[in-house]
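Reading through the C-alpha cells given below for one structure.
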Amino acid sequence: MITKHQIYLAGASGLLAGEFLRLLGVHPGLELAGAYTRAGGQGLMELHPHLAFDSDTAKTLEFESLAADLVKVLKAHPADFPWKVVLLLGLPHGQSGPWWAAHRDRFEEYADVLVVVDMSADFRLESADAYKETYSLDHACPDELGHWACGLPELHTLPPGCKRIAVPGCFATAMQLAVLPAARAGLLKLDHSWILQGVTGSSGSGAHATQGTHHPHRNGNFKAYGLGGHRHEAELLTPRNFEKMPNVDFTPHSGSFSRGIFLHAILPLAAASDAAAIRKLYGEHYAGQSFVEVQASTPEVRQVAGSNRALIGITTRGTNLHAICAIDNTLKGGAGQAMQCLNLVLSFPQETALPISGLGY
Ligand SMILES: NC(=O)c1ccc[n+]([C@@H]2O[C@H](COP(=O)([O-])OP(=O)(O)OC[C@H]3O[C@@H](n4cnc5c(N)ncnc54)[C@H](OP(=O)(O)O)[C@@H]3O)[C@@H](O)[C@H]2O)c1
C-alpha cells in the first residue's frame, strides 16, 4: 500500500541525483518509485556506491520509458489520493525542456497530481529571448517560461498549490541571497557596477570529468572563467528580481575544493550606511528562515559544506557594501533546495531530511 509521495528521478547517475537520493533515504514522507538513467538496469549501488540501498530492489530503469511509466501511474492514481507523484529532473540544461515539451500533453489531465521539479536551467528564466541569449538555444516550450516558480523560497514564496518548480543555479542562489535584501530596500545604486566574484567547488561541474574539471587539472589550481559573462548572471538579472536592471559584473572562479560556493558581492550604496544597520535589515529579511544566517564575520565554505545552510557576512567599507555568501552548491545550491521546495509544496516542515550543520572538516 502506498503511504508516501512517489518520487520519479531522471538522470539518476548524476551528482545532484545522488545527493537527492542521500536526503531521500532519511525522509519520512517521500519514497523512490523509479530512478531513470539512459543505461537502465544497473543497481543504484553501482551508480552511487556511497549510498545504502536495498540492493535487491534498487535497480534503475530506462530513461526512454519514463514518460510511459508516469502516464501509467498517473492513470491509476485516484483523484482523492493524498499522495502526489513527483518528477525530479536532474538532467543537463537543454535536455529537460525538450523532454518536457515532447511529453507534457500526456500529463495534462493529471496536472493536480503531478509535481515537477527541474534542477537544470531550462525553466529558470522568464522569456524565450532571455533563454536564447543566455544558452544560445531555442527553448522547446517557450510558453512555459515565467510560469515555473523560482525554487528559492527565502526570497520567492512558492505560490499555494504550486506544481512546477525551477531550482535556481548554485551561483544564482548565492547571488540572490547576498544581493536582494539590499536591492529590495533601495540601498544600492543601479548605475554603478555591482562587482560579484564567485568561487565554486568541483562538484559544480557534475559527476562526469571533463578536461578542465578533472582532478589533476583542478587540484591545487585556481582560475577565473566565464569572463565574458556567466549564465547565472541572467538568473539574477530577471524581471522577477528587478524592474530596472542594475549593472552587474560577475566573474566565476574554480576552486580546488569539492563542495561549496563562495560569493563576494561588492555593492555601491546610495549613501554611506552603518554595517550594523544593514546587517539588521538582512536579519529581518530572513527572519524565521532556518537555513539563512546573517553575521558580521566572513562565512567559510567548510561551515556550510554538507548542509543546506547559507551564511551571509555583511560589512561596509566607505560607500561599498560587502555581502559574502557561502553555500554548498550540491545542497542549498541544488538537491537540498529541491528537497526544501518539495517539503513546502507537500506540506512537510521545510527542514525535513535536510542537514543544517556543516561538516566542518
Ligand atoms: N552540480 C551542481 O552543483 C549543480 C547545482 C545546481 C544545478 N545543477 C544543474 O542540475 C542538473 C544536474 O546536475 P549534475 O551536477 O547532477 O549533473 P551530472 O552529474 O552531469 O548529471 C546529469 C545527468 O543527466 C543525464 N544526462 C546527461 N546527458 C543527457 C542527455 N543528453 N539526455 C538525457 N539525460 C542526460 C545523465 O544521467 P544518466 O546517465 O543517468 O541518464 C547525467 O548523469 C544540471 O542541469 C546542472 O546544471 C547542478
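Two decimals is fine: what is log10 I(q)/I(0) at q = 0.15, 0.22 Å⁻¹ for segment 76-146, from a Debye sum with one equal scatterer on every Cα and no solvent?
Result of the Debye calculation: -0.53, -0.96.
So which residue, out of 29, 90, 288, gets the largest mean-square fluctuation from a GNM of the chain using Cα contacts under 10 Å as springs?
288
What aspartates and glutamates sit close enough to residue 75 to cross-link, taking a C-alpha to C-alpha distance under 15 Å and skipping anything fewer than 8 places away on the same chain?
Reachable aspartates and glutamates: 105, 108, 109, 112.
For every other residue with a beta carbon closer than 9 angstrom to the beta carbon of residue 100, add +1 if it is Lys or Arg and -1 if Asp or Glu, then tell me the sum.
-2
What Rg and what Dmax come out for segment 1-157 when only alpha-carbon atoms are used, in angstroms?
Here Rg and the maximum Cα pair distance are 16.0, 48 Å.
Once fully extended, how much extra length lies between residue 136 and residue 225, figured as 0.36 nm per residue of separation less the alpha-carbon to alpha-carbon distance?
Length gained, residue 136 through residue 225: 30.2 nm.
Out of all DSSP beta bridges in the chain, what portion is antiparallel? Express it as a percent rounded to 5.
Around 40 percent antiparallel, to the nearest 5.
What chymotrypsin sites (Phe, Trp or Tyr not before Pro) does segment 156-258 have in DSSP loop regions with at most 13 other beta carbons within 10 Å?
Those that pass, being in a loop and sparsely packed, are 222, 225.
Would you compute, from DSSP H runs of 4+ residues alone, the mean residue ellipticity of the chain at 222 nm, taking -39500 (n - 2.57) per run and dividing by the full residue count, rounded to the nearest 500?
Dividing the helical sum by the residues of the chain leaves -7000 deg cm²/dmol.
Determine the principal axes of the Cα atoms in segment 209-324, then give the extent along each, sorted from largest to smallest and rounded to whole angstroms.
45, 31, 28
Any number yet on Rg/Rh for the chain, C-alpha, Kirkwood? Kindly include the intermediate steps, with their values, before the conclusion.
Working: Rg = 20.2 Å, Rh = 21.0 Å.
Over the Cα atoms of the chain, Rg/Rh equals 0.96.
Identify which of 136, 205, 256 has the largest mean-square fluctuation in a Gaussian network model of the chain, with springs joining Cα atoms closer than 10 Å.
Top of the fluctuation ranking is 136.
Read the figures in this text as sums done on the coordinates, not as results from a lab. Since this is a predicted model, take the numbers as computed values, not measurements. Reconstructed Cβ throughout: ideal geometry from the backbone, glycine too, with neighbour counts over all protein chains shown.
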